[in-house]
Amino acid sequence: MPSLRKRVSSYFRQLSFHNEPRDKRHNINENSFVTKYLQGHVTLREGPPIIYGKNPTDLPNYELGEYETGSSSVIGCYTGPKGGLTTVKRTEKHLSVPDTDIDFIDTQDECGGDTPGDASSYTTPPDDSSLPSEWTKKSDLVFGISDSLYDRNQVTDNKNGDPIADCFGIIARENSAILAVADGVNWGEKASIAAKSAVHGSLHYLNKTIFNDTKPFERLTIKPEETSDASAACTRVGNTREIFVCLLRAFSCAHDLILENKGMLTTLTVAVVVPLKRRDGTQRYVCCVCNVGDTLAYVYSQRHGLRELTKGSHDINCNRDMRDALGALGPVDGINPELSNLTLSITTLNKGDLVMVASDGLTDNFDPNVCRFTVNSRLGEAPKVGRSEPPIKPPRRTVPPRRPAQVTDNKTSSLRKQISSQNKEGQKFSRSKTTIEVRPGGGVRHHVARNEEGIPYVTPLQRYELQLLLIEDVLRHGISGRDDPCTTAKKLCESLVSFTFSITSAKRHTLEDQDLYFDNQNGVLVEVSQQEKKIRRKKGLEKVQNLPGKLDHVTVVAWNVGNFTQSCN
């Protein structure tokens with residue numbers, strides 16, 4: 001069996017042009033994955049529409065089917081890393097239940113006060129072996145991973161960037177689940193506290209109000225001497241509008257718990273999957289998502305491929321600044337969060353689909369520009385200082401149509417321009433940098449515009465679609481290109497995280513060079529001063545700028561919709 005290194009190298013040859021001589025700009029691999037996409041031979045598939053907006057009233061209201069509630073129905077309950085949300089505690093406060101007249105956001109009295117509490121409720125993170133028993137229920141169908149892609153300090157043997165500032169949590173039942181991922185902004189303990197508090201606060205609220213269950217959080221709650229049992233007052237949530245009301249209130253609770261534990265800033269994305277009411281004898285499901293920041297949610301199916309559920313929270317026609325999370329919970333402005341890109345999304349699912357939520361440490365490492373498979377085309381833009389890229393001539397003709405994953409706009413959305421206009425025959429066309437040349441024999445040959453190193457130029461939309469296709473390709477064929485399609489949550493998480501470690505390995509190895517930490521004096525390694533380490537590490541960082549991948553914390557959590565039991569080999 002080929003080694004992982006050989007499998008990764010083989011996969012990269014399929015995707016990019018890194019193995020082609022740089023002085024042979026036109027002698028490139030015309031059968032590569034990226035080239036096939038730019039020539040229109042590889043396309044996204046359409047699936048059920050993804051509808052998004054800012055308020056529950058912007059979205060369709062679906063009636064829910066029967067779903068299980070209570071602690072006895074939990075089949076999966078897991079969090080991480082190193083104890084995950086269980087390393088923060090909260091003070092019991094009143095949690096209101098959705099009323100018939102919908103109130104979109106809880107008041108401060110209902111979900112916490114304005115004044116941050118004492119940080120002493122945060123404990124030193126244990127490893128997963130010390131998780132409370134109720135939080136150890138992971139399986140092939142309910143799974144999550146959180147790890148660090150950063151290099152290891154050769155003196156302390158700790159990873160730079162520790163502690164991991166991401167957190168995930170999942171609570172799953174036979175036909176429903178709640179998935180949450182938070183990504184603490186920047187490094188440090190307070191970023192980690194913010195992420196764990198956000199996941200804790202949101203999952204606690206949703207598990208109580210929608211599923212009438214507080215058992216996983218009983219040992220994580222500091223209760224006043226006199227606390228009334230509010231669980232008896234819980235009523236069954238009957239439609240998706242009430243689900244979204246609960247999601248918004250859960251985000252309010254998450255923000256308040258961050259302040260209570262004196263955390264800093266974090267993104268947060270939460271997905272709730274529940275069954276729809278049956279109308280034609282076929283069981284279908286609905287996924288309701290709320291997100292702030294750049295932590296993204298997806299659904300993967302064998303039939304429709306990969307679709308991004310959080311697509312409405314960012315403009316795919318613009319190149320994203322990866323230094324900007326776009327929004328965050330926590331004290332961004334005084335005690336207020338930044339909710340400018342808070343977005344609600346809804347779509348329907350089928351049994352066997354895989355829902356996942358992932359931090360940008362994972363998704364950015366599938367960005368073709370980050371992987372150095374492509375570079376930005378800059379028509380109408382001035383080139384950045386220090387970059388030498390020739391101007392690109394406009395294409396003589398657009399390529400044959402590609403069918404993007406469908407996203408349905410609504411009255412309040414600002415992303416109508418994402419949907420391609422249709423021609424008279426109903427076909428969709430999108431802007432492309434690919435030109436077409438007629439061969440002497442009558443055939444058509446596509447030429448892809450490239451820079452002086454032979455790397456293809458892409459528009460923001462092409463870059464976005466390639467990112468989805470690269471993720472889907474790993475899930476469908478594995479890194480080797482010959483694996484069985486992924487059908488379980490565990491296999492999905494492991495495959496995607498393995499790819500991120502592979503794509504970032506060169507950066508990590510460069511920064512783990514002992515010459516950055518030691519001098520060799522007569523065969524003996526002598527540690528250099530802290531100032532010298534900083535100077536050498538800075539030079540090392542400059543050296544890795546052009547290497548593929550992004551060093552970050554990487555997190556993904558996933559669930560098989562409807563407790564799909566088919567295994568993944």
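Looking across region 268-315 at every residue that is acidic (Asp, Glu), touching a residue at least 24 places away in the same chain (Cβ under 8 Å) and out of contact with any Asp or Glu (no Cβ under 7 Å at 6 or more places or on another chain), the one that is surrounded by the most Cβ atoms within 10 Å (Cβ to Cβ) is identified as Glu308. When you check Tyr52 against the structure, is it under 30 Å from Ser146 (Cα atoms) and either modelled with pLDDT under 55 or in a loop (DSSP other than H, G, I, E, B) (or both), yes or no? When the stated conditions are applied, Tyr52 does not pass them.
Comparison of Ser130, Ser139, Ser146 shows that the only residue that is open to solvent by less than 40 Å² (accessible area, probe 1.4 Å), among the hydroxyl-bearing types (Ser, Thr, Tyr) and in contact (Cβ under 8 Å) with a residue 40 or more places away in the chain is Ser146.
For region 231-241, indicate whether the set of residues that are assigned to a helix (DSSP H, G or I) and modelled with pLDDT of 95 or more is non-empty. There is at least one residue in region 231-241 that is assigned to a helix (DSSP H, G or I) and modelled with pLDDT of 95 or more.
Within region 34-48, residues that are closer than 28 Å to Thr348 by Cα sit with their Cβ atoms under 9 Å from residues that are of a type in the set (Phe, Trp, Tyr), at 6+ positions apart or across chains, in these pairs: Val42/Phe33; Thr43/Tyr37. From the set of residues in region 149-159 that are surrounded by fewer than 17 Cβ atoms within 10 Å (Cβ to Cβ) and of a type outside the set (Asp, Glu), which is farthest from Thr488 (Cα to Cα)? Residue satisfying both the conditions and the ranking: Val155. Pairs meeting the criteria (first residue in region 507-532 and free of Cβ contacts under 8 Å to residues at least 24 places away in the same chain, second residue open to solvent by less than 70 Å² (accessible area, probe 1.4 Å) and not hydrophobic (A, V, I, L, M, F, W, C), beta carbons under 6 Å, at least 6 apart or on different chains) are Val526/Asp519; Val528/Asp519. Taking residues in region 68-92 that are open to solvent by 30 Å² or more (accessible area, probe 1.4 Å), and partners anywhere that are of a type in the set (A, V, I, L, M, F, W, C) and assigned to a helix (DSSP H, G or I), the pairs with Cβ atoms closer than 7 Å and at least 6 places apart or on different chains are Lys89/Leu220. When region 514-564 is filtered for residues that are under 23 Å from Ala358 (Cα atoms) and either open to solvent by 100 Å² or more (accessible area, probe 1.4 Å) or basic (Lys, Arg) (or both), only Lys550 remains.
Residues are listed down the side, and each one gets a yes or a no for (1) at pLDDT below 95; (2) in a helix (DSSP H, G or I); (3) not polar (S, T, N, Q):
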| site | (1), (2), (3) |
| --- | --- |
| Gly201 | no, yes, yes |
| Asp213 | yes, no, yes |
| Phe217 | yes, yes, yes |
| Ile243 | no, yes, yes |
| Phe251 | no, yes, yes |
| Ile258 | no, yes, yes |
| Lys262 | yes, no, yes |
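Of the residues making up region 160-179, those that are at pLDDT 90 or above and open to solvent by 10 Å² or more (accessible area, probe 1.4 Å) are Asp162, Pro163, Ile164, Glu174, Asn175.
Look at Gly361 and say whether it is of a type outside the set (S, T, N, Q), in contact with a Gly (Cβ under 7 Å, 6 or more places away or on another chain) and closer than 24 Å to Arg463 by Cα.
No; evaluated as a whole, the condition is false for this residue.
Does Cys371 satisfy the condition of being in a loop (DSSP other than H, G, I, E, B) and open to solvent by less than 10 Å² (accessible area, probe 1.4 Å)? Yes: the conditions hold for Cys371.
The values are calculated or read from the model by the stated rules, or taken from the named source; none is laboratory data. Quick caveat: nothing in here was measured; it's all calculated off a predicted structure. Glycine gets a Cβ as well: all are built from the backbone with ideal geometry, and neighbour counts include every protein chain shown. With ligands, DNA and RNA removed, areas are computed over all heavy atoms of the protein, side chains included. Shrake-Rupley method; radii C 1.70, N 1.55, O 1.52, S 1.80 Å.
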